[in-house]
1. Which of the residues spanning region 55-88 are surrounded by 14 or more Cβ atoms within 10 Å (Cβ to Cβ), modelled with pLDDT under 85 and not aromatic (Phe, Trp, Tyr)?
2. If the Cβ limit is 6 Å and pairs must be 6+ apart or interchain, which residue in region 28-41 that is in contact (Cβ under 8 Å) with a residue 24 or more places away in the chain and surrounded by 15 or more Cβ atoms within 10 Å (Cβ to Cβ) pairs with which residue that is of a type in the set (D, E, K, R) and assigned to a helix (DSSP H, G or I)?
Amino acid sequence: MATDVQPNSDGSKAFLAGLAGFVAFEVLAYFLLSWVVSGLGESNQFQPENTIVRNWVKTTAFLLLHLALMIAALLVLSNMLPRQYRGQIMRWFLLSLVTMFFLLWPLFG
């Protein structure tokens, strides 16, 4: 059997390693960024003088900082990983873009 046709036994291991790295990155990014933007916005969302402007600044800062962390991680990983695993980076990057918006829910919850 040719070497390029052999089944890749590292596929599931690489996926699980990528999943673990993705979850670790998202958890660390969430806690780091929630600490960074903790002074912005209103802590009590249901008070009468609550305005959308303060919470909008917190949301925008969180999204921009998360995007900056994602791009930095993408650049670092694309340089560090071997060529055979680089194709997985884009899938995790796109999943992180979607996850970024779902992280706003616990940020304001």
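The values are calculated or read from the model by the stated rules, or taken from the named source; none is laboratory data. Remember, predicted model here, so these are calculated numbers, not experimental data. Ideal geometry is used to build each Cβ from the backbone, glycine not excepted, and the neighbour counts take in all protein chains shown.
1. Scanning region 55-88 gives Asn55, Lys58, Leu81, Gln88.
2. Listed by first residue and then by second, the contacts come to Val37/Lys58; Gly41/Arg54; Gly41/Lys58.
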